[in-house]
Amino acid sequence: MPELPEVETVRRALAVNLTGSRVLAVRGREVSMRRPLEPGRLNEALQGKRFAEPERRGKFLLLPVDRGGCLLLHLGMSGRLRLTGPDRPVETHTHLVIELEDGRELRFVDPRRFGLAVWLGAGGEEADPSLARLGVEPLDPVFGERLPALVRARRAPVKALLLDQTLVAGIGNIYAAESLWEAGIRPSRPGRAISESRVRLLAGSIRSVLERAIAAGGTTLRDFAGPNGDAGYFAVRLQVYGHAGRPCPRCGQPLREDAIAGRSTVWCANCQR
DNA sequence: CCAGTATCCTGCAGGC
DNA sequence: TGCCTGCAGGATACTG
């Protein structure tokens, strides 16, 4: 359940509930993920360390510890974190368990294994190839100024550009569809065929959509440590994603669904041009 | 360099 | 009821 707003929601929950906790031990199985999971190495790096304030870059979650280095996490398509007491049943596809000194556990669950959990030593962001290549943060103040040049330099469909993490970090299939609908831009429109002023409008829509989603996710922060720890995803009211065939909330025409950039895309042929 | 497709993996919904 | 197919919130290694 992880695009930028979901990862940010998890980050905020961990900031409240994990910061200051000390690691007793890390255990798990050596399993193939986006990069091989190495629980032994993670245990060596994390044992006895105390978690500091978590950070986010795009859809990546960084959990720094005292005395340097951090645990780098990506939730992929199906990843989730559970912060829970040790007596709670362990869900299937739990690949990593971080035992904390206070008796709780941070668990990394990811059925499809498109996610990532690696140790990031000294060197920070530059030390990791995928982190180093990330583009601009949509919530960064410079986003609105930068997006027009990025989009207008390319002829690929604007939706493909929004999904390219090296251009913009954190947008996924849901919020790309929602933002383009809000801005009234056809997802298939080539980047270079959109006026500068319309790209600026799009930047504003992206920010607004993401901020509203984060605000909605934030309402479930309390539940994070509980058994029902799903962070916020279904609290967001989506306008178009998942609503193909239903009336457009703006004009009432049926929403269409087409494959753009290899991903299913819901949009309104009347409102988006 | 750029754009588009195939691929990794499991779970689940829908068709028959 | 069960079996099969296709699709799912992502990233990247390929191809042309």
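Take A:Leu81 and decide whether it is in the same structural domain as A:Arg50 (by TED's automatic domain parsing), outside any loop (DSSP other than H, G, I, E, B) and within 16 Å of DNA strand C (Cβ to nearest atom).
Here the answer is yes, as A:Leu81 does meet what is asked.
For the stretch A:248-273, which residues satisfy the criterion of being more than 16 Å from DNA strand B (Cβ to nearest atom) and among the basic types (Lys, Arg)?
Passing the criteria: A:Arg250, A:Arg256, A:Arg273.
Please name all residue pairs, on different chains or six or more residues apart, with Cβ atoms under 6 Å, provided the first residue is in the stretch A:153-173 and is in a helix (DSSP H, G or I) and more than 10 Å from DNA strand C (Cβ to nearest atom) and the second residue is basic (Lys, Arg) and modelled with pLDDT of 95 or more.
Going by the 6 Å Cβ cut-off, the qualifying pairs are A:Val158/A:Arg189; A:Leu161/A:Arg154.
Can you tell me which residue within the stretch A:99-132, out of those that are assigned to a helix (DSSP H, G or I) and of a type in the set (A, V, I, L, M), is nearest to DNA strand B (Cβ to nearest atom)? So that I can check it myself, show each step before the final result.
Step one: of the stretch A:99-132, the residues assigned to a helix (DSSP H, G or I) are A:124-127, A:129-132.
The next check asks that each one be of a type in the set (A, V, I, L, M); those that pass are A:127, A:131-132.
Values: A:Ala127: 22, A:Leu131: 19, A:Ala132: 15 Å.
My answer is A:Ala132.
Checking A:Glu125 against (1) modelled with pLDDT of 95 or more; (2) assigned by TED's automatic domain parsing to the domain that holds A:Gly58; (3) within 14 Å of DNA strand C (Cβ to nearest atom), which single condition isn't satisfied?
(1)
State yes or no: is A:Pro64 in contact with a Cys (Cβ under 8 Å, 6 or more places away or on another chain) and either surrounded by 15 or more Cβ atoms within 10 Å (Cβ to Cβ) or touching a residue at least 12 places away in the same chain (Cβ under 8 Å) (or both)?
yes
Residue by residue through the stretch A:111-153, note down the ones that are within 19 Å of the chain's Cα centre (by Cα) and among the aliphatic types (A, V, I, L, M).
Correct list: A:Leu116, A:Ala117, A:Val118, A:Leu120, A:Leu131, A:Ala132, A:Leu134, A:Val136, A:Leu139.
Taking interchain pairs and intrachain pairs at least six residues apart, which have beta carbon atoms under 9 angstrom, with the first residue in the stretch A:13-40 and farther than 17 Å from A:Gly79 by Cβ and the second within 16 Å of DNA strand C (Cβ to nearest atom) and in a loop (DSSP other than H, G, I, E, B)?
Within 9 Å, the pairs are A:Glu30/A:Pro36; A:Glu30/A:Leu37.
Collect the residues in the stretch A:90-113 that are hydrophobic (A, V, I, L, M, F, W, C) and either within 16 Å of DNA strand C (Cβ to nearest atom) or free of Cβ contacts under 8 Å to residues at least 60 places away in the same chain (or both), keeping them in residue-number order.
A:Val90, A:Phe108, A:Val109
Just to be sure I understand, how many residues within the stretch A:125-137 are in contact (Cβ under 8 Å) with a residue 24 or more places away in the chain and out of contact with any Gly (no Cβ under 6 Å at 6 or more places or on another chain)? Explain how you work it out, then say what you get.
Filtering the stretch A:125-137 for residues in contact (Cβ under 8 Å) with a residue 24 or more places away in the chain gives A:125, A:128, A:130-131, A:133-137.
Okay, now just the ones that are also out of contact with any Gly (no Cβ under 6 Å at 6 or more places or on another chain), so A:125, A:128, A:130-131, A:133, A:135-137.
Of the residues in the stretch A:125-137, 8 are in contact (Cβ under 8 Å) with a residue 24 or more places away in the chain and out of contact with any Gly (no Cβ under 6 Å at 6 or more places or on another chain).
The values are calculated or read from the model by the stated rules, or taken from the named source; none is laboratory data. The structure displayed is predicted, hence computed values, not measured ones. Cβ: placed from backbone, ideal geometry, glycine included. Neighbour counts: every protein chain shown.
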